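Okay, structure first, notes after.
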Amino acid sequence: MNKTFWNTWLSYLSPHYNTCMSCGKKAALMKRYPGICETCARHIPWITQIICKVCGREQYCPDCQRKSATQRYFMFNRSAVSYNDTMKAWLADYKYRGQERYASLFGQIIIEAYQKMKQEMNRFYQKAWTIDVVTFVPVSEARLIQRGFDQAAVLASHLATYERLPYRSLLVRQRDTVKQSSQGRQARIINMKEVFGYALDTPQWLTAYRSHSLNILLVDDIYTTGSTINNCAKALMEAGHLHGINIQVFSLTWARS
C-alpha cells in the first residue's frame, strides 16, 4: 500500500483537529455543535430551570411582575441560553464581526431549545402542541445591508427547515431605532413602540390556512425586557383580527439576558 493510502486511512481514524472558534485552541471539533470543541460545548449556559413561566428566565423576573406586563400580546417566551460573557462574545462575533460560521452552531442551539419547549408545552396543554408557522423579528434595511444577513431570520429558517415547519416573513420594521443594547429598561420600551407592523400580504396569507386560530412561533436572538417580542406579537394579532383569526404568538429566543 502506498503512502497516500495510509495518510488517508490515518486521517479517517484520527479525530479532526481544528481551531475552536470560541476558545481559539486546537482541538477536535464537535459534530453536534459545529465549530467548537467539547470543552466549550460543556460550558454552554443552557437554561434548565425556569422560574418565570412568562419570559422563561431562570430567576425572579421583576419585569413580568409590573402592572404594565398585564398588557402582553404573546403567550410566553422560552430561551435557550443565559446571556453571559461568553454568549455575548459569540453573538458579537456573529452579528458585528462577520463570523458567519456561528450560524450553524446557533441553529443547533435553537433547535434543541425548541424541542425542549415543545416537550414543556405538550405537558402544559396535555395534548400535542403544534406550530402553524415560524416567523422572526426583522432587522432594519440599514442593518441588513450593513451585516449582510438577518440573524433572527437565519435562526428561524434553520429551525423551520429542520423541524419541517412552514416559514414566512410576516413582519416589517416600520422605522429604525437606537440599538437596544445601549438603552435602559424604560428607554427600550419607549424605543420599540409602534416599530413593527405586519407585512402587506400577511393578512391575506393567514387566511390561506382557513382556520379560526393559528399558533405562530416568533424567533429572535435575545430577550431582554420583552418589548420587542410584545410589539411584534401585537402586530401579528392585528393582522389576524382583520379576518377573524385568533393568533397565539409563542416566542423563542437564542438567549435570555
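Structure values in brief
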quantity	calculated
Contacts under 7 angstrom Cβ, first residue in the stretch 204-226 being more than 19 Å from Trp46 (Cα to Cα) and free of Cβ contacts under 8 Å to residues at least 60 places away in the same chain, partner of a type in the set (D, E, K, R) and part of a loop (DSSP other than H, G, I, E, B), 6 or more apart	Trp205/Arg168
Only listed residue being more than 22 Å from Ala199 (Cα to Cα) and surrounded by 13 or more Cβ atoms within 10 Å (Cβ to Cβ), chosen from Leu165, Leu159, Leu144, Leu105	Leu105
Gln146 in a helix (DSSP H, G or I) and under 14 Å from the mean Cα position of the chain (by Cα)	no
First in the stretch 24-36 and in contact (Cβ under 8 Å) with a residue 60 or more places away in the chain and within 17 Å of Glu100 (Cα to Cα), second anywhere and of a type in the set (Val, Ile, Thr) and surrounded by 19 or more Cβ atoms within 10 Å (Cβ to Cβ), Cβ under 8 Å, 6 or more apart	Tyr33/Ile44; Tyr33/Ile109
Matching entry among Ser79, Ser68 (being in the same structural domain as Arg97 (by TED's automatic domain parsing) and modelled with pLDDT under 95)	Ser68
Leu170 vs. criteria over 22 Å from Val81 (Cα atoms), modelled with pLDDT of 95 or more, touching a strand residue (DSSP E or B) at 6+ places or on another chain (Cβ under 6 Å) and not basic (Lys, Arg)	yes
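The values are calculated or read from the model by the stated rules, or taken from the named source; none is laboratory data. Predicted model only: the values in this text are computed from it and were never measured. When we count neighbours, we look across all protein chains shown, and the Cβ atoms used for this are built from the backbone with ideal geometry, even at glycine.
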